[in-house]
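Where a number appears in this text, it was derived from the coordinates with a stated rule and is not lab data. Small disclaimer: the values here were computed from a predicted structure and weren't measured. Note that we place each Cβ from the backbone using ideal geometry, even for glycine, and neighbour counts take in every protein chain shown.
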Amino acid sequence: MTMIDSADIQRAADWIRNADGIVIAAGAGMSVDSGLPDFRGTDGLWTSLLPAGMTERDVGSLTQGDCFVEKPVDAWRFYGRALQVCRQLKPHAGYAMLKHWAEGARHGAFVFTSNVDGHFQAAGYDEARVLECHGTINFMQCGKPCDDAIWPSGSMMDGVDIDSLAASSLPRCPHCGHLARPNFLLFDDGLWVETRSSSQWERLRIWLRTVQRPVVIELGAGAAVPSVRMFAESVLGPLIRINLDESEVAGEGVGIRGTALDVLSAIDAALATP
Ligand SMILES: [Zn+2]
């Protein structure tokens, strides 16, 4: 564990105490502490999660939007495994800490996450207070797509032997019979159905208008895919940026270097001390 500056932790705790709404802006670093990699990027964690016969070199092409068209069996082995892992692993203790803090704020919390693992909902967060800017692995859509319909992934991959998946056994769209795919955004992906994310955006805008003194807690959001950082910086309130590598903050706020779980635990201890 790295040394965390206690004055920074105190400032963060004070902002959280005084806020009437908490904006939680989560990037891949939030999921890493539960053992999950960023499913849209490349990361050393892949090695332990890759299906048989695949190497880390295969990951790049499987983050492209056309992977379900170009190599559907590989894509489904990869993301079928990812779905299994997302369902098996439990959200780490930091989710419950944030949720507890939010219960002390008048307007609670709203989550903005680029993670597709659905772990905020799994940790008991209100579905109506989560925006998944890159979609979710917990819903499916048509790979064509024939229309805007999405449906829950549910237990579709539970107990499935991923290595035995073949073209004939891949999930299909219930409406047209075309290959199905997860409802998340890949790179250069023109086929993503974004209706769910769009209505989440609408709910977030409405919530933000009700909050007078927001605080933003940004967790493990990298600069390479800046959606989460850009959103976090757009909110008019102090920014608590928690990041292992790139923790600098330009405007009002504090940058705390460390893993999401370490820093959340430190802030939680400070909040417990009157
Ligand atoms: Zn279809």
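Check Phe184: other-chain or 5+ apart residues with amide H under 5 Å from its amide H, H built from backbone geometry?
It is Thr136, by chain and number.
What list of ³J(HN,Hα) couplings, whole Hz, do you get for segment 122-128 from phi and the Karplus terms 6.51, -1.76, 1.60, once you set θ to phi - 60° and write x for glycine and proline?
4, 8, x, 6, 5, 3, 6
Where the only charges are on Cβ atoms (+1 Lys, Arg; -1 Asp, Glu), what is the dipole of the chain about its Cα centre, to the nearest 20 debye?
Charge dipole of the chain: 580 debye, to the nearest 20.
Obtain the nm distance between the two label points defined at Lys144 and His178 by a simple spin-label model: each point lies 7 Å from its Cα along the Cα-to-C-beta direction.
0.5
Mind grabbing the base-10 log of I(q)/I(0) for the chain at q = 0.08, 0.09, 0.15 Å⁻¹? Debye formula, identical points on the C-alpha positions, no solvent, two decimal places.
-0.34, -0.42, -1.08
When only Cα pairs under 8 Å and 6 or more residues apart are kept, what is the percent relative contact order across the chain?
Once divided by the residue count of the chain, the mean separation gives 28 percent.
For the chain, take the longest principal axis of its alpha carbons; what is the angle in degrees between that and the long axis of helix 93-103, to the nearest 10 within 0 to 90?
60
Can you pull the Rg over Rh of segment 1-126, Cα-only, Kirkwood?
The Rg/Rh ratio comes out at 1.07.
Could you name the aspartates and glutamates whose alpha carbon sits less than 13 Å from that of Lys144, not counting residues in the same chain fewer than 8 places away?
Within reach: Asp66, Glu70, Asp189.
Could you pull out every Cys in the chain that lacks a partner Cys with its beta carbon under 4.7 Å away?
Cys67, Cys86, Cys133
For Thr55 and Asp188, compute 0.36 nm times the residue count separating them, minus their Cα-Cα distance, and round to one decimal in nm.
Length difference between fully extended and current span is 45.7 nm.
Evaluate the charge dipole of segment 62-160 about its Cα centre and quote only its size in Debye, nearest 20, assuming +1 on the Cβ of each Lys and Arg and -1 on the Cβ of each Asp and Glu.
Dipole of segment 62-160, to the nearest 20 debye: 300 debye.
Mind checking which lysines have their Cα closer than 29 Å to the Cα of Lys99? Skip sequence neighbours fewer than 8 apart in that chain.
Within the straight-line limit of under 29 Å, Lys99 reaches these lysines: Lys90.
Under the 0.36 nm per residue contour assumption, what length would be gained going from the current alpha-carbon distance of Thr195 and Met230 to full extension?
Between Thr195 and Met230, full extension yields an extra 10.5 nm.
Which value at 222 nm does the chain reach when only helices count, each DSSP H run of 4 or more adding -39,500 (n - 2.57), with the total divided by all residues and rounded to the nearest 500 deg cm²/dmol?
So the helix-based figure for the chain works out to -10000 deg cm²/dmol.
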